[in-house]
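The values are calculated or read from the model by the stated rules, or taken from the named source; none is laboratory data. Not measured: the values here are computed from a predicted model. Cβ placement follows ideal geometry from the backbone for every residue including glycine, while neighbour counts extend to all protein chains displayed. Remember, those area values only see protein heavy atoms, side chains included, never the ligands or the DNA or RNA. Shrake-Rupley method; radii C 1.70, N 1.55, O 1.52, S 1.80 Å.
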Amino acid sequence: MSSKHRFLDVYSDYLAYARKKQKNQSFTVMKYKFDLHILPFFESMNLEEITSKTIIEWEDFILSKQFSNNQNRSLYYFLSGFFEYCRVFYHFDKTIISNVGCFKKKYEEDKHDFYNIKEFKQFIKYVDDEIYKQFFNLMFFTGLRPGEAMALKFKDLSDGYINISKTLNSHGKREISTPKTFSSNRVIRIDKVLERDLLALKKLYKGQCAFKEDLFIFGGMKPLSPTTINRRKEKACKMAKIRPITLHQFRHSHATLLLQRGIMINEVSKRLGHSKASTTLDIYSHTDLTQEKRVLNTLNSIRFNCFTVMKYKFKSILKRFKTL
């Protein structure tokens, strides 16, 4: 009789394996989500007990939590990756999960919500702390990921450029690590007003501690907490009487602002740190009324010009016909 393999024991071995294979940030996110949403369902089982029916029951369990499509998909691939490890080292039949497949995509309203420039100005008026104010200004006018913004130090700011070479992990222990992907390492230009305001933060820190270039731009000795940032954001939204958006949606706001101003997709892609322009296109393929109006004006112009040419040709032919 073959021995049973406890899910919990195999998962422990998998973590040791995955830690060597994955980037620190990717591993931290995977473990955090796995421990929270996958392990509690499977931990009392043996690998040999898991069937396709078990996977369906787990997916129903996850669906009951009303997560986003992205969250559901990431959890499926975390579990699938674990079972791939089991296939290689424990002769596990991975078709048990592949036959069931990933979660069915559901409709999500306002998936890419963002602030336009008028809405952002209304919001930022009510952020009453200068450090937090400049954090949100940087998010809106650069499109950095929240972790990238929180990890910035004064030594990363030079002559109107910021160097993005690290990020702050938002799951588990808050540690500085390398950015999400290789293309996330980038240097981008910032506008003169933002540069002036960021440099002005040095005066605030000089009154609190011995200033050095290694200080975090947002926080000084230690970076701002995402929880506190969100609390400040919610307070400002309430006072401004404007809907709240997520920290990541400030990144959407920046990308949408540039695309609406006619900046080429490949330039926006480089600024955001995407590896391919197609990634940017997939995310920001949504349109708003401004873009629709521009499309309509273009089509009307083409139609009108075509009609004018055809009308002129018809008149010319008619005139020639009358002279015969």
* Asked: Over 21 Å between Cα atoms, which of LYS23/LYS105; LYS166/LYS212; LYS202/LYS233; LYS155/LYS235; LYS20/LYS105 qualify?
  -> LYS23/LYS105; LYS202/LYS233; LYS155/LYS235; LYS20/LYS105
* To do: First measure r as the distance between the Cβ atoms of PHE67 and LEU39, then evaluate 1/(1 + (r/R0)^6) with R0 = 22 Å and state the FRET efficiency to the nearest 0.05.
  => 0.85
* Which whole-number percentage describes the relative contact order of the range 181-274, with Cα contacts under 8 Å and a sequence gap of 6 or more? -> 35 percent
* For the pair GLN208 and SER275, what calculated FRET efficiency results from E = 1/(1 + (r/R0)^6), where r is the Cβ-Cβ distance and R0 = 25 Å, to the nearest 0.05? -> 0.05
* If the label point is 7 Å along Cα→Cβ of ILE117, which residues in the range 243-259 have backbone nitrogen under 14 Å from it? -> 254-259
* Asked: For the pair ILE188 and ILE56, how long in nm is the line joining their label points, each one 7 Å along Cα→Cβ?
  -> 4.6 nm
* Structure fact -> Spelling it out for ASN46: with amide H atoms placed in the peptide plane at 1.01 Å from N, the residues 5 or more places away or on another chain with amide H under 5 Å from its amide H are PHE7
* Structure fact -> The answer for the range 151-282, accessible area per residue at 1.4 Å probe in Å², is 55 Å²
* **Gyration tensor (alpha-carbon) shape descriptor, the range 131-201, a/c threshold 1.5** => prolate
* Asked: Do the alpha carbons of any pairs in LYS4/LYS94; LYS65/LYS104; LYS31/LYS270; LYS153/LYS192 sit beyond 24 Å of each other, and which pairs?
  -> LYS31/LYS270
